[in-house]
Structures are given as C-alpha cells and as structure tokens.
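Below: the structure, in structure tokens.
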C-alpha cells in the first residue's frame, strides 16, 4: 500500500512547467532578481555588471544582508526588530570613539563592539521573551534610545577617520595568493570551489531524496537550475577577479549565509525557532523553552546589527550621527520580499538574502540611471507591496 | 389548536464527511419554556445555529416556520430582526466597554450618526431594572462577575424586542443562587409572553421551569415530552439522552482488571488542587486523587467545563493554572512536573483536545511535527540527522497508517483523523509511560475513530498507562477499564468497567 502511494508520486513527477508552477513561491523571487538585474543591465548599457559596480554593489548591501539574516530569525520567531538601524549606528559610533579618541587597537575594538551588540539584543530580548512585552514596543523604544545614545556618544559630530586595520573590515580584498594580480586567480578558484560545493550538496540531497522516493523535481530542471547557479557564481567571481578580487565583506557574508542556512535547516535550535513562530502554544506544550529561544534570537540580532554597524562605519571611514538611519526598514523589507510570513514560522535565509539583493540592485540601478531619491522610494515601496501580494496570491492558489 | 411560535421541520445539516443533524424536528409553543437536552456533540448547538442564521438558509435542508411563516435567514441580523435572540455559552460582550455601550452595540440609539447618550443611559436603566441588575450603566462589563454578565446579555436581548430567547447552557458557569435568579427571570418572561429555549444539562432546572422537553441524540430528535401532560422522571430523560447502539464500535481487548492481573501502579496523583490563572480566588480543581496502572486505560468522564482539561494541563508541566498544590508519584517516586520538559522527561505525555491550536505546527511537515517533542533523539550536538528523522517519522506514518504520500506533507493538508495520528506519533516518539489523551477522537469520522481506539489498546497492551478524557460516554464505556466521573472540578465517583453505565455516570453528574 505504501509503496503504491509512493510510486504514484514518482510517476506524477511532473513536467518542468507544472513543477515550476507548483513551486512558484520558492523560485519566484530568484526569477524576479534575475529579471530585475537583466533589466537594469540593459537600461544602464551594461554598467550594472561592470566589475567596479559589482564590487560596489556587494559593499553597499553587505550590512543590509547581514542584518537581514538576523531579522529573518526574528520574523520567523513571530517578532520584529525596529531597533537594528539605531543599534548599528550606535555600535559604529562606539567603534569610532574607541579607535579614534582612545586609540584602541582594532583587535580589541571589534570583539568589544560585537559583545555590546549582543548585550543590547539580549536586553531587548529579555523584556520581549520573559515579560511578554510586544517586540514592536520594546524595539521601538530601543530605536529611540540608541539613536539618542549615538548622538550623545559622538557629541553631534562625525568622528573619523578610522585606522587602516579597521577599514579593512569593509574595503579590504582577499589577497591573490597566486600572485598574478589581474585577473585575481584566488577569486576565480574560490568561485569555482563555491560553485562545486553547492552543486555537490544539491546532488547529494537529490540522490538521498530519490532513494526514499520523495523527489518530485524533474531531472532536467535539476540540471538546468544547478548549471545556471554554478555558471552565475563562476561568472560573478570572474567579473570580480578582473577588478580587485573578492572583497573581505563578501567572504564574511558568504560564511554567515552558510552558517545560518545550516542553523535553520539542520539544527535543533533552528527547528525550534520555526516551531515557535508557527505555533507558540503547541511548541511550548512540546517541551520547547520558547522564552529562551526568543531571547537568543534577539541577542543574535543585536550581534549581527553590531557587525553591520562596524562594516558600515568602516566603509564610510567615519562614524556619523545619522549612520544607520531608517536602515531597519530596508532590512525588514528585504526579509518580507524574500518570502517570510508576517505571522511567523515561514521564511528562508536564502530568501532574505535574495530580497536584500533585489532592494540593492534596484537602489544601485536606479542611481546609475539618475532617478531621484524621491521616485526610488516610491518604486521600492511598490516592489515590497507587489512581492508580498505575489506571495499571498501563490499561497492562496496552493490551497 | 395550539399556538406554535416556532416549528423546525426535518432539519438536516451536513458538514464535509459528517451528518451533524438528521431530519430533526422541533416545535416550540408560544409563551413556553422549552428545554433542549442531549449529550455534548448531539447537535443542540448546531440546531440553534441553523435557527439563528449562523448557518444560512441553503446550507441546510428542511423548513423553519416562525409565527406560521416560512423564514429564510441569511445571517444572524435577519433572525434578530424577527426577534429570535441567542445567548451563547461564551458570552459575546466587550469587557472594556460599559454596560450601556454593550447593550446597544450594533443597535445604537443614534440621531444622524451621533449617539444620544442620555437616551442610551435611561433605556439601559429600564432594561437593567427588568432583569433585576443593580449596576450603574457606565460600569465596565469586565468588572462584573459571570452571573451579572449573563444578565447583561439577557438585557441586551430585551433591547432588541425579543420574541424567542435561546439560552445555551446559561447556568453552566453560575453559582447556585445566580442560577436560581436566572431561572426566576425566565419564568417572569414567560408570564410576559416571551418564549424561550433552554439548553441545559441540569435536570433539576428542567423539572423546575420547563413546559416541554426535546431530547436530541446523535443528530436526531429522539423524543418530545410534555411536562404537564405526563409526569417525567429524570431516569426517562437520561435514557433518551444516552440510549444507543454500541455494538462493534470498539476494538476487542482483554481488560486486565477483568483478567485479574493488573500491572503495577505507574502514576498516582494525590490532593491535587489548582486555581484559575487569572481569577486567583476561583479554585478550578479540588482535591483530586487518582491512579493509573501499567496496561490500564482509565477514563475521566464529565461534561464540558467540568475541569477535565484543566486537570490534565495542570499535571502536564503546570501548563494551566496557578498556585498548584498536590503530589504526583510516577513509578512510586515523587515526580517533578513543574515544567513541560520535566514532565516529558518524567515519562508523561499529554495529547491535547485542540490539535490545531495546541498540538500541531500546521505550516510544517509530518516529519517536523513527529519529532518536535523529542528532537534530541534524532540529533547529536544540536545537529539534526535528517535521515534518522525521516526514517523515524516514516515508521510512525506506517505504524499508525497515516494516509499521505510522504512525511513531507504539511499537516494542514491532512484530514482530522490523520492529523490526530500525527499528534499521537509525536507523543509516542517522546516515549512516555503515561499518556493523557484529551478527547482523542474529537472531530474524527467513525472509521478513523476505530483506528485511534486500536492504537490506544496497543499502547495499553505494551504496558503503558493511558488516561482518556472524553465527552462521549459510550467511548469511555467501550474503551476504559475504570472510569472516574468528574464534575465542577471534583471527582464525584469511580466506576469499574463491570458496573459502569451511561445512566450511572449521568446520574453521578446531574446529582452531584
């Protein structure tokens, strides 16, 4: 009986189009990103994909992506964090005061700042998790408090420049160990390695799934998808290698994406966060310490916001009282564009990253085209709305 | 001949897979108090929802005649316009609004869109006087006790010019003297010519106020009794309420108590007392003592609101209630059940009555739900082994015959019976010694029920202790070795399988 049921599923393994239709929610935003990139590539006469601009694109959006990773966990857990922009600004200011005013070495400044971020996130998480104060309120308060503290810390002035070692956080590049320079062979090698790793992991999970008869992805689709992903990664790393190679920030991001994808997919903590966001009462009755998980999620968010703040400050090479202003909105928008559910329990790390890139490419492309900041805001707002409507539409159709 | 105000003719209402009402008839005379009785789930509330238009015309078969004309309500506003007002078990008042605001909610005294407050307050005072409630119209409803809130609900009905008042278990949450007052009020309305339908479980109330009685059982009207024409004993009513065929609805099993070889005591609860989590002066569970042996299925019978779920959840990691006192021994040793993880570790499992709200993560897969309560068993150092996890959930899927192509199906796409099996899988995988099953077959069709019963029997045969809570008495009689009868937070009796009968249980409840 069981085998019969299983085999019907394999038999009904559908054509590529019907598979794509039923998985529109999974691939929709990736397709949208590719379309948007193609569009701007065309409109900007190829400026978008120039190595210089591509490098800039990563540098400009790194801090949004890093915070989006933390925000995804917060939103999956069924909460929201409005304070991340202010916390990032505050930590950047703290780093500036420590490095510039007190001449502390970068090796001390960075860990202390990350710890401060962790504590800030933990403090907010404490009220949310154990006192059941709505996250919206607590982090709204945090947003005001740390905006104010940033001003106080900087005494209303910009503080900079940072020492060279600190600037490397953002502007550094992975040195070419092969010593060729241009093209940067290290970048190429790392790109090929990353692409192979992704294809290898995909093939392994597919073969496992096939063994258990639970695979409904058509083989041709699998090949095309992975070939495209591999080519895209290798092509990107080639483009970057013709400029200055892989930015340090890109590596940080890639490592964080890998770690948090693993955390959400394969660890008990990740699983429990999804359970908590999906149905907090059922999770609690299943013996999950929902309070502690909520607390940890916010502490983690604080630390990632601190890291983003450091990178942002290093990129500007100065800490300004306005740093991080309204950044939380871009971060939250990225997570929702990436398919996370407002009510919690649903969302993927890679989705949040794609969402952040969609926002980033649009910012970048529209700036190159010379579209004013006014209309940029309007268009970004409409894209956010359209993405969520698209998601809700697909969800209803799937029922 | 007689003056009939309401006649419901052969009402049939079908939900997907379940026939909730099957050709039910109900006749209410003008100016009488008509009692509607039946077990939980017999279809009383469904019938009243058909009458009040909650289930609109067209979603059921049969005719409703009100004052000799056929009516077709498409919503609750239509029925209220005709003067049919229903007061639900869960009161529909807004606690943060005043009495006056609640009375005229949706029915405000307006002049050109502006509320006329003096008129509102004076009319409120009139209505409050009619129901005998001495409170200021500006008092917030949340500050009133349940009894007074009930009166506010009735006053609200009067504000809408009520012809037929329907009360769904109005006295369930009331103290003795509040109940008395309420019944007096009904008699007063009767004198004024207002008819009422009273849904209740309390037979003493029926004999006090009712003019006629309709008994509903399993979605069909069994009998209509005229209290003035014949003398009716409580035993008659109970027999009509519970009498039904029980053959072959329960899988066969050797009952250890009858065989004379009972396992050792697994769980022993003594002097268990629990207070309401918000209203700290309300004691919900009073001095409960019970035990469960290995290989035994123990039932807890009682009506809704008798405190069965509260008892179970307070035991399971203190998930309900405050100020919990008492002692639980598991396998002879005092157990610390103060948190859910500790309760699970001690070998206790609680299968909730509300699987969608409290039992499952609907957006997640069968696999995820199956391992949720015992993730550590499929992981090492916090990393889940996907293969083991898949294997485990697949094993349970086959063992419990969950009908779905794969364990990667989201549970929200499953039927009620299959969802219940997923919840059971989750708790079986936590490897408990004692399982508390709260309404394990609620909302499940007959075939799936039989499968669930078989699973429960297997658990007992494996030497586990099972506590089964159910509103369906035949289910308890068919499954359990021993039955505790619960009423208003107390155990009011204990019956062995040999002497248990629905009549005995019912009379323990209604006479307590």
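What follows draws every value from the coordinates through simple rules; no lab data is involved. Everything numeric in this text was worked out from a predicted model, so none of it was measured. When we count neighbours, we look across all protein chains shown, and the Cβ atoms used for this are built from the backbone with ideal geometry, even at glycine.
Here are some notes:
- Most simply put, the protein assembly as shown has about 60% antiparallel DSSP beta bridges, counting only bridges with both residues inside it.
- Counting DSSP beta bridges with both ends in chain B, the antiparallel % (nearest 5): 60 percent
- Shielding of A:284-293 by partner chains, average beta-carbon count, 10 Å: 6
- Across the stretch A:191-285, the volume of the C-alpha convex hull divided among the residues equals 129 Å³ per residue.
- Ellipsoid fit via the Cα gyration tensor, the stretch A:268-353: semi-axes of 30, 15, 10 Å, each the root of five times an eigenvalue, largest first.
- For the stretch A:94-161 versus the stretch B:198-213, the gap between their alpha-carbon centres in whole angstrom: 67 Å
- Global size of chain B: 25.0, 81 Å for Rg and Dmax (C-alpha atoms, Rg to one decimal, Dmax whole).
- Spacing of the modelled spin labels on residue A:144 and residue B:134, each 7 Å from Cα toward Cβ, amounts to 4.7 nm.
- On Cα atoms only, tilt of B:146-159 relative to the major axis of chain B in degrees: 40 degrees
- Rounded, prolate or oblate (a/c below 1.5 giving rounded, otherwise prolate when a/b exceeds b/c) for the stretch A:185-343 by Cα gyration tensor: oblate
- Ratio of the Cα radius of gyration of the stretch A:120-242 to 2.2 N^0.38 Å, where N counts its residues: 1.75
- Averaging the Cα positions of each part gives two centres, and for the stretch B:419-495 and the stretch B:115-132 these lie 50 Å apart.
- Normalised convex hull volume, the stretch B:334-457, alpha-carbon set, Å³ per residue: 110 Å³
- Beta-bridge orientation, the stretch B:265-511: approximately 55 percent antiparallel, per DSSP, counting only bridges with both partners inside.
- Approximate spin-label separation residue B:19-residue B:177, in nm, with each point projected 7 Å along Cα-to-Cβ: 5.0 nm
- Gain in span if fully extended, residue A:133 to residue A:395, counting 0.36 nm per residue against the direct Cα distance: 91.3 nm
- On the principal axes of its alpha-carbon atoms, the stretch B:4-242 has extents of 51, 40, 32 Å, going from largest to smallest.
- FRET E, pair residue B:331, residue B:279, Förster distance 45 Å, beta-carbon r, rounded to 0.05: 0.80
- Here the contact order of the stretch A:173-246, divided by its residue count and restricted to Cα pairs under 8 Å and six or more residues apart, works out to 56 percent.
- Using the Cβ-Cβ distance between residue B:191 and residue A:281 with R0 set to 35 Å, the FRET efficiency from 1/(1 + (r/R0)^6) comes to roughly 0.15.
- Normalised by the number of residues in chain B, the average gap of Cα pairs under 8 Å and 6 or more apart makes the relative contact order 14 percent.
- Prolate/oblate/rounded call for the stretch A:208-263, Cα gyration tensor, a/c under 1.5 rounded: oblate
- For q = 0.08 Å⁻¹, Debye-computed log10 I/I(0) when each Cα of the protein assembly as shown counts as one equal scatterer: -0.93
- Average partner coverage of A:271-280, which counts Cβ from other chains inside 10 Å: 5
- Using C-alpha pairs below 8 Å separated by at least 6 residues, the relative contact order for chain A is 35 percent.
- With all projection directions averaged, the alpha carbon convex hull of the stretch A:173-246 covers 5.2 nm².
- Gyration tensor verdict on chain A (Cα atoms; rounded if a/c is under 1.5, prolate if a/b is larger than b/c, oblate otherwise): oblate
- Remark: the stretch B:265-511 projects, on average over all directions, an area of 13.5 nm² (convex hull of Cα atoms).
- FRET efficiency, residue B:501 to residue B:76 (Cβ-Cβ, R0 41 Å, nearest 0.05): 0.55
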